[in-house]
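The values are calculated or read from the model by the stated rules, or taken from the named source; none is laboratory data. Since the model is a prediction, treat every value here as computed from it, not as a measurement. Counting neighbours? That spans all protein chains shown, and the Cβs are built from the backbone with ideal geometry, glycine included. Keep in mind that these areas ignore ligands, DNA and RNA; they rest on the heavy atoms of the full protein, side chains included. Shrake-Rupley method; radii C 1.70, N 1.55, O 1.52, S 1.80 Å.
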Amino acid sequence: MKEILSHIAEFVAQNCTADDYTLNVEYSDSHETRFAQNAITQHIAGSNINIYLETVFAGKTGSASINQDDPEALKRLITTAENTAKLNQEDPEYVPSQGFCDIPKCHGAADATMYLNPEKMVDIVKASIANAHAKSASVSGMCEKHYQMHLTATKNGFFGIYDNSYFGHSMTLKKDAVETKVSYSSRDYATFKLMDTIGKLNTQFDSLGKPQSFDPQKIAVILRPSALMDFFGFLAWTMNRRYADEGFSPYTDQLGQSFFGKDFSLASLISDPDLSSTPFSHDAITAKDTSWVKDGVLANMPTDRYWAKKLGIEPLRGMRNLYIPGGDISEAEMLQMVPKGLIINRFWYIRTVDPKRGELTGMTRDGVLYFENGKVSHAVNNLRFNEIPHEVTRRILAMGKSILCESDSKMPTLLVEDFNFVDKTDF
Amino acid sequence: MKYLDLALNEAEILGADYADIRIQKTTSQSIYLQNQSLKQTSNQVLDGYGIRIFKDGAWGFAHSNVYSAEAVQKTVKRAFEIAKLSATAKKGAGLCLAPERSYIASHKTPMSIDPFSVPLSEKVALMLEVNRILKSYEGIRQAVFYLIMNRDEKLFASTLGTRLELSNTFIDPIIVATAVTAEDSQSRTFDEGGRAIGWEWIESLDLTEKAKQIAQEALIKVKAETLGAEQRRSLILDPNHLGLTMHESVGHPTELDRVLGWEADFAGISFATPEKLGNYQYGSKIVNFVGDNTLPQGLATNGFDDDGVPGQKWHIIKDGILQEYGSTRDTAMEIGLGYSRGCNRATYYFDQPINRIPNLYLLPGKEPLTPGQLIADTEDGVYIQGRGSFSIDQHRINFQFGGDFFWEIKDGKLYRPLKKVLYKSCNPEFWNSCDAICDERYWRPFGVVNCGKGQPSQTARMTHGSAPARFRNIRVGGSQ
């Protein structure tokens, strides 16, 4: 496949007459086995190639994409992109494409994922269903694997190619009012331990009974890693240097300031072999270990190439993965640290309420447990929160060990006081 | 197309119980303009085919972008092998497909001016002018115009004997003005959600006037007050806002695959379970929801769905009572329906079609009623225009919505503009609190072009519609 992608890059280099161009080629091959209510409901396999070319004539840009790679199609691609640029208006924010630079090393595709066969994936699903039968419950989820190879090349000499892989298996187990989910994902299928994942699912499932009614209020919460991933994953969307500088986000004038809780740090790492990453972005910004928040100080924000040039700084690619360093407090110890509280497994349907203040809303999902006097008491109904993530970090009371919760997220368990629940639902 | 017959013959030789092939070419043009900078002017083509094989009560789906006899045969074989594997993990006898007849038909989105034939320079000139108008208002920090045009051309054939040629086009212009002060930043958006129509729609919209309106309203909004503490009030919701509310609180709960639990792991399930059909008071007696995949200019008006089932019109809620779901050939039989409502749609050729929301709308009130009369009849309430923050639980019961522009109503008049208004409610409280709907003169359609669902995720399109409606005794307040 590497030869095919390189050949496309050569073809574009030889035939594209634009002043400047950026080419992105992505080959993907996927197998997805979806199951619900103890049976496979969807089963999908196939590969695709997407070729995206942005061209520039005299500061005027135009782009095109196709998913065919024969010479005629590539000629059409170049012609369409070039004609679009020629007919366009000049872009005052055009920045010449990235030139040659060294490509950082990232952990690529894993053989075990690439060679995982459909029969084995169905076996994983069957084992998940057998577990559900044993618990007189139903299970729904997805077992999937993906392989991807990506090439970026520019007229100015940037050339990079990488591959990566993804394996994921998720299970939502449901019986009457009890409903909970566990998922696992990694670039390397070899790290997957089915029985461990099923064991975790069963433990979580068994901890939940028929939910008792619980009214919304400000209360201490233990946010488990998957909940934290959902909650802080939104920062990847909202933390942007230009948006902050132009006054649209809560981070305006906060760079270098102690804006988060002092115990809170957030980073993206390419050096961590557990975390999936890619060595460069589609606009050829190379990746590096980047601290976004360091001990509560807003240290960096993703910055695109235009804004970086305007400010005279280096561009910073977006958050490809997220790492929140943890501490050494166990969940059992957290239960003792506050008189009462809730344990949250996951959140769901998080949306921005107020972009300027950074306020979010969302629901709990997959089981909420009430605890008091150091012990878990019972499950409660799901609740709606309205909260501001950076303010939440100022209310951290304790942090657990950071663990891999998805292939792109390494998170701890957090104990946070006064989490703002504003509504409840009836399950 | 020779590959249609080749695929189906191959599937029958292999022993498929049912098979179809969907050759789909998706062409789109997107232009993104931000503060006079053309961030993206792009023409995209995705071209390939997906083959579904139904064998022993289970599905297999394989796709390819390679057009050759060998590739088609290989893809059929792959889909068949996958179907056989799926059948080893089925429940009971597996799935059944609702009966359907064969069709030889075509459908094309009616339009006067093909949006792809309009010169790029004309589109960009309009966008730049709108952008310039927005930026001419002091205090508007960011002006965005995003224009997308999309065409799906499909050839569909199935072992039932169906042969379809479908071509569906839509346009979606979105304009955003963002005002910034030292204390706040607020946006106002023009977004009708897209329509299946030609460029003549854009010409009829008078977007330069719309630009002035949203720039002025963004400036009003950023300086507006907030509502303060939550309390129970009346809500008057405009059709654009209601489009999203009904999408989340009626459209998704009445997708039959959710009802059956097929989305339990990701998008969620539904409280609107089959035993409620025909007896559940989903809304007040004036609440009538219709699924209608024949709606002119509707984004889900495709002639046929990706099961080869024709577009239909039916009541989902009648006189407030839950009547029926949006269904597909495989979900319908799970509740013994015996026929599909034609809601199986895929986004791209490489997507296996899934149960989607049809065009779904709230019928207008039967008595003459204008928005002005509705406001005049409201003592204490909030009027919400446009779409804002939205979130709903995974059973589709509890929800919280914002909006795009707000007016406080006092003593039957628009009293003052507001910002950051939120309302919280749940099913069935919300729709049962609906006590007035304006008449058909004020009914308007609004599209949704980005309905995310499924694993792997797909983005579907459908149109909603309503006249302005009032909801009593809803919890309404300012954000935190």
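A few comments on the model shown:
- Cβ-Cβ distances below 7 Å connect the following pairs, each with a first residue in the stretch B:144-168 that is charged (D, E, K, R), a second residue that is in a loop (DSSP other than H, G, I, E, B) and surrounded by fewer than 19 Cβ atoms within 10 Å (Cβ to Cβ), and a separation of six or more residues or different chains: B:ARG151/B:PHE116.
- Residue in the stretch A:16-31 that is in a strand (DSSP E or B), under 22 Å from A:GLN148 (Cβ atoms) and at the interface with chain B (Cβ under 8 Å from one of its Cβ atoms) present: yes
- Flag if B:LYS123 is in contact (Cβ under 8 Å) with a residue 24 or more places away in the chain, open to solvent by less than 50 Å² (accessible area, probe 1.4 Å), closer than 27 Å to B:VAL448 by Cα and not acidic (Asp, Glu): yes
- Applying a threshold of 6 Å to beta carbon distances and a minimum spacing of six or more residues, or different chains, the list of pairs starting in the stretch B:342-362 at a residue that is within 19 Å of A:ILE40 (Cα to Cα) and facing chain A (nearest Cβ under 9 Å) and ending at one that is part of a strand (DSSP E or B) and open to solvent by less than 10 Å² (accessible area, probe 1.4 Å) reads B:PHE350/A:GLY46; B:ASP351/B:GLN458; B:GLN352/A:ILE44; B:GLN352/B:PHE61.
- Total residues in the stretch B:459-473, condition in a strand (DSSP E or B) and surrounded by 19 or more Cβ atoms within 10 Å (Cβ to Cβ): 10
- Test result for A:SER277, at pLDDT below 95 and small (Gly, Ala, Ser): yes
- Subset of the stretch B:235-253 that is polar (S, T, N, Q) and open to solvent by less than 10 Å² (accessible area, probe 1.4 Å) - its residue that is farthest from B:ALA376 (Cα to Cα): B:SER249
- Just one of (1) touching a helix residue (DSSP H, G or I) at 6+ places or on another chain (Cβ under 7 Å); (2) open to solvent by 20 Å² or more (accessible area, probe 1.4 Å) fails for B:ILE175. It is (2).
- Per this entry, A:LEU360 is not counted among residues that are at pLDDT 95 or above and within 14 Å of A:ALA220 (Cα to Cα).
- In the stretch B:102-113, the condition of being more than 30 Å from B:TRP59 (Cβ to Cβ) and of a type outside the set (A, V, I, L, M) is met by at least one residue.
- Filter result (facing another protein chain (nearest Cβ under 9 Å) and either hydroxyl-bearing (Ser, Thr, Tyr) or in contact with a Cys (Cβ under 9 Å, 6 or more places away or on another chain) (or both)) within the stretch A:42-53: A:SER47, A:TYR52
- Here the stretch B:208-226 is the region considered, the condition is being surrounded by fewer than 21 Cβ atoms within 10 Å (Cβ to Cβ) and touching a strand residue (DSSP E or B) at 6+ places or on another chain (Cβ under 7 Å), and the residue that is nearest to the other protein chains (Cβ to nearest Cβ) is B:THR226.
- Criterion violated by B:GLU230 - all others in (1) surrounded by 20 or more Cβ atoms within 10 Å (Cβ to Cβ); (2) of a type in the set (Asp, Glu); (3) in contact with a Lys or Arg (Cβ under 7 Å, 6 or more places away or on another chain) satisfied: (1)
- Selection status of A:ILE44, over 30 Å from B:ASN355 (Cβ atoms) and either touching a Leu at 6+ places or on another chain (Cβ under 9 Å) or crowded, with 21+ Cβ neighbours inside 10 Å (or both): no
- Single residue of the stretch B:195-232 satisfying the filter (in a strand (DSSP E or B) and in contact with a Ser or Thr (Cβ under 9 Å, 6 or more places away or on another chain)) that is nearest to B:GLN297 (Cα to Cα): B:ARG195
- Single residue of the stretch B:178-207 satisfying the filter (surrounded by fewer than 17 Cβ atoms within 10 Å (Cβ to Cβ) and in contact (Cβ under 8 Å) with a residue 40 or more places away in the chain) that is nearest to A:GLU246 (Cα to Cα): B:THR181
- For the stretch B:356-441, the strands (runs of 3 or more DSSP E) that sit wholly inside it and include 3 or more residues that are open to solvent by less than 40 Å² (accessible area, probe 1.4 Å), more than 22 Å from B:SER479 (Cα to Cα) and modelled with pLDDT of 95 or more are B:360-362, B:434-437.
- Scope the stretch B:180-196; condition within 24 Å of A:ASP253 (Cβ to Cβ) and not aliphatic (A, V, I, L, M); matching residues: B:THR181, B:GLU183, B:ASP184, B:SER185, B:GLN186, B:SER187
- Residue check, B:ARG151 basic (Lys, Arg), open to solvent by less than 50 Å² (accessible area, probe 1.4 Å) and either away from chain A (no Cβ under 14 Å) or closer than 22 Å to A:TYR243 by Cβ (or both): yes
- Answer from A:PHE11, A:PHE35 - the residue that is touching a residue at least 40 places away in the same chain (Cβ under 8 Å) and surrounded by 20 or more Cβ atoms within 10 Å (Cβ to Cβ): A:PHE35
- Selection within the stretch A:300-337 - open to solvent by 60 Å² or more (accessible area, probe 1.4 Å), assigned to a loop (DSSP other than H, G, I, E, B) and under 30 Å from A:PRO92 (Cα atoms): A:ASP304, A:GLY312, A:ILE313, A:GLU314, A:ARG320
- Conditions (1) crowded, with 22+ Cβ neighbours inside 10 Å; (2) in a strand (DSSP E or B); number of the one not met by A:PHE205: (2)
- The one condition in (1) away from chain B (no Cβ under 14 Å); (2) out of contact with any helix residue (DSSP H, G or I) (no Cβ under 7 Å at 6 or more places or on another chain) that A:GLY318 fails to fulfil: (2)
- Strands (runs of 3 or more DSSP E) completely within the stretch B:1-117 that count 1 or more residues being within 13 Å of another protein chain (Cβ to nearest Cβ) and crowded, with 22+ Cβ neighbours inside 10 Å: B:18-34, B:37-55, B:58-64
- Unmet requirement for A:THR352, which otherwise passes all of (1) under 30 Å from A:LYS193 (Cβ atoms); (2) hydroxyl-bearing (Ser, Thr, Tyr); (3) within 14 Å of chain B (Cβ to nearest Cβ): (1)
- Search result, residues across the stretch B:254-269 that are open to solvent by 10 Å² or more (accessible area, probe 1.4 Å) and either of a type in the set (A, V, I, L, M) or more than 19 Å from B:GLY342 (Cβ to Cβ) (or both): B:VAL259, B:LEU260, B:PHE266, B:ILE269
- Filter result for A:SER277 (touching a residue at least 12 places away in the same chain (Cβ under 8 Å) and open to solvent by 50 Å² or more (accessible area, probe 1.4 Å)): no
- Hey, A:VAL178 away from every other protein chain (no Cβ under 11 Å), touching a residue at least 60 places away in the same chain (Cβ under 8 Å) and over 30 Å from A:GLU3 (Cα atoms) or not: yes
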